[in-house]
1. Report, in degrees rounded to the nearest 10, the 0 to 90 angle that the Cα long axis of helix 165-182 makes with the longest principal axis of the chain.
2. Wrap a convex hull around the Cα atoms of segment 230-327, take a quarter of its surface area, and give that in square nanometres.
3. Counting only C-alpha contacts under 8 Å and six or more residues apart, can you give the relative contact order of the chain as a whole percent?
4. So for segment 2-223, considering every pair of alpha-carbon atoms, how many percent are separated by more than 21 Å?
5. Starting from segment 71-163, pick out the chymotrypsin sites (Phe, Trp or Tyr not before Pro) whose DSSP state is loop and whose Cβ has at most 14 other Cβ atoms within 10 Å.
6. Using only Cα atoms, tell me the angle between helix 135-147 and the longest principal axis of the chain; keep it within 0 to 90° and round to the nearest 10.
7. Output the 0 to 90 degree angle, nearest 10, between the alpha-carbon long axis of helix 106-119 and the longest principal axis computed from the alpha carbons of the chain.
8. What distance in nm lies between label points placed 7 Å from Cα along the C-beta direction at SER37 and ASP150?
Amino acid sequence: MSLRLNGVDVRYGDVEAVSGVDLEVAGGEVVALLGPSGCGKSTLLRAVAGLERVSAGAVTWDGTDLAGTPVHRRGFGLVFQDGQLFPHRDVAGNVAFGLRMRGAARGERDKRVAELLELVGLGGYQRRRVTELSGGEQQRVALARALAPDPRLLLLDEPLSALDRSLREQLALDLARLLRETGATALVVTHDHDEAFTLADRVAVMRAGRLRQTGPPARVWREPVDVETARFLGCGVVLAPEAAERLVGVRARVGLRETALRVVPDGPGGPGSVLDAVVLGRVHRRDHVRLLVRIGDDEFDAVGPVVGTWEPGDRVRLAVDQDGVAVIGSATG
Ligand SMILES: Nc1ncnc2c1ncn2[C@@H]1O[C@H](COP(=O)(O)OP(=O)(O)OP(=O)(O)O)[C@@H](O)[C@H]1O
């Protein structure tokens, strides 16, 4: 039970949207395709679905080349950004669509629809009109519809990106749980690294049509393969090895995220090694205070608790939070 891509290229006329992609998704595994806008993620997903023609290489399922298999015979479930529900059908009609296509009997359909609506947190919604649901509810219906025929692979293209931030965070957690509970095999496209890391067992980072790095989320987060990947994963500052050794004690090229340096409370105790810094500016954020600080001759971002009242010129002590630090180039793609 696995999807395998071997040397996959997809072209639109002269544009090579996807180049030489090799990737495997094992049974029960969730892989996120992560990358900036225009890097070819959706094109690759659509090629797996059979919606785009592969111009070189192969998409196979359990060793069988899918080139001659049309979309509706691949046995894959699809969810897009905007749900694409059937507006003239109610919730149950939408969820039951694939089951009806497969010729499932009425009783079986009703039972499965009820089961899936429970699973996505919409128990009892059968008779609701889909046009009267919130964006989040519509995406849950789209997910239930995709899961209903028990697809061998679930393909999700930015399933949460049309939703507002807090709903997206909640739904990402729900979706992660759902994928685990159903043991789904899934390929998820997203440009949002939080979402990718919430959902996926493995992350595949794409840029300019190519896969740059594939690995478990923690590894990709801590050891991005190159500077562009580090920047894409939130490292606003990249230090040369000498500077990194002085600041974070690692002699390697290192990326720092905005949370890499944290204010240490005054008083005894705390981490062993601290950095002395001078505050240059302060901005309040949702759940922390963001400081611009000077360490030696260089300026950096740092974070502190929301109760902090530092003013420019104040001295602070900072500790390095390893989750905010990425060692670049030590992993292989
Ligand atoms: N139908 C098309 N015809 C021509 N070029 C296309 C077509 N669809 C996509 N492209 C181009 O192919 C490249 C990859 O696009 P794709 O939509 O796969 O990227 P993406 O990473 O999914 O971006 P986004 O997150 O913005 O959707 C882009 O340069 C895009 O302009």
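Every number in this text was worked out from the coordinates using simple rules, so none of it is lab data. If you're wondering where the values come from, they're calculated on a predicted model, not measured in any experiment. As a convention, Cβ positions derive from the backbone with ideal geometry for all residues, glycine included, and neighbour counts pool all protein chains shown.
1. The answer is roughly 60 degrees.
2. Its Cα hull, projected and averaged over all orientations, spans 6.2 nm².
3. This gives 17 percent for the chain.
4. Considering segment 2-223, 54 percent of its Cα-Cα pairs are separated by more than 21 Å.
5. When the chymotrypsin sites (Phe, Trp or Tyr not before Pro) of segment 71-163 are filtered for loop state and at most 14 Cβ neighbours within 10 Å, nothing remains.
6. 50 degrees
7. For 106-119 against the chain, the angle is about 10 degrees.
8. About 4.1 nm separates the two model spin labels.
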